[in-house]
1. Counting pairs on different chains as well as pairs 8 or more places apart, how many Lys pairs in the range 1-152 have Cα atoms under 21 Å apart?
2. Give a residue-ordered list of calculated ³J(HN,Hα) values for the range 191-199 (Karplus: 6.51 cos²θ - 1.76 cosθ + 1.60, θ = phi - 60°; whole Hz; x for Gly, Pro).
3. Please work out, to two decimal places, the log10 of the ratio I(q)/I(0) at q = 0.08, 0.11 Å⁻¹ from a Debye calculation in which every Cα of the chain carries one identical scatterer.
4. Starting from the range 1-43, pick out the trypsin sites (Lys or Arg not before Pro) whose DSSP state is loop and whose Cβ has at most 13 other Cβ atoms within 10 Å.
5. Using alpha-carbon pairs under 8 Å, 6+ residues apart, how would you state the relative contact order of the range 77-180 in percent?
6. Rounded to the nearest 20 debye, what is the charge dipole size of the range 30-89 about its Cα centre when +1 sits on each Lys and Arg Cβ and -1 on each Asp and Glu Cβ?
7. For Tyr30, what residues show an amide H to amide H distance below 5 Å, using hydrogens built from the backbone and excluding near sequence neighbours?
8. Report, in degrees rounded to the nearest 10, the 0 to 90 angle that the Cα long axis of helix 129-154 makes with the longest principal axis of the chain.
Amino acid sequence: MTVLFLPGTLCDERVWFPVWKKLPAMQRCYVPLQWANTLQDMLALTSDRVPDGEKVHLVGYSMGGYIAALWALTYPEKVSSLTLLGYSPLGLTDEETARRKQLLAVLKQGKFSSRQSQYLANMIIPDKHDSLLPVIIDMAEDLGGATLLAHVSSTTPRKDLTSQLSALGVQVHLIAADADAVVPLPSIQKAANNLPKATLSILKHCGHMMLIEQPEEVASLIVKGLPI
């Protein structure tokens with residue numbers, strides 16, 4: 001059975017490479033959300049990677065978790081399981097939406113600098129900045145401000161999906177990081193409480209960029225959430 005992997009905002013397949021190296025053999029497929037300019041593009045790219053007549057496991061990270069959840073709710077008959085990493089199905093708070101609008105204003109003026117951005121620095125815990133921040137910056141510089149603008153504008157606002165996901169009828173596995181400054185742990189814990197049949201796993205001493213901070217642990221938790 002195919003497992004679809006979806007990346008986060010301003011990310012491409014490089015964010016998944018460390019995790020893929022730790023996973024056992026499986027039919028794996030990547031959804032290139034970095035190519036998308038709209039929410040409809042993101043959902044269409046996901047559909048394009050689903051084999052005809054087959055159910056898939058969706059594994060979405062951050063923004064990719066939001067797209068995976070939306071796609072699963074649109075095509076429930078094509079979904080076997082849903083694993084959401086660093087994403088809260090509660091949606092965005094008013095404060096988060098306001099911050100995103102401020103970021104969009106900066107991006108539209110062409111003033112975003114990946115090397116000076118607190119936006120990127122918040123992705124990982126401080127004691128891993130020296131080793132991992134260059135990886136994030138390289139990805140950001142390659143994809144550019146236009147990709148970030150497309151990703152943020154396409155996925156803002158986000159509504160609360162917990163009631164719909166609770167009725168989805170497939171296994172939902174939430175993976176959170178205890179030091180996530182982008183999607184705080186309490187938000188994901190609250191979402192898990194609103195999803196009675198969901199499971200929640202928490203990574204210790206880890207920030208939002210869990211895929212590159214703790215790839216072996218993330219790989220193990222992904223396998224744990226796949227009913228195969």
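Laboratory data are not the source of any read-out in this text; all were calculated from the coordinates shown. Nothing here was measured: the structure is a model prediction, and the numbers come from that model. Don't worry about glycine lacking a Cβ; one is built from the backbone with ideal geometry, like all the others, and counts go over all protein chains shown.
1. Final tally of qualifying lysine pairs is 4.
2. 3J(HN,Hα) across the range 191-199, in whole Hz: 4, 4, 5, 8, 10, x, 9, 7, 10.
3. -0.25, -0.49
4. In loop regions of the range 1-43 (DSSP not H, G, I, E or B), the sparsely surrounded trypsin sites (Lys or Arg not before Pro) are Lys21.
5. On the way: 75 pairs, mean separation 62.3, N = 104.
It comes to 60 percent, rounded to a whole number.
6. Result for the range 30-89 is approximately 140 debye, rounded to the nearest 20.
7. So Tyr30 has HN proximity to Phe5.
8. 80
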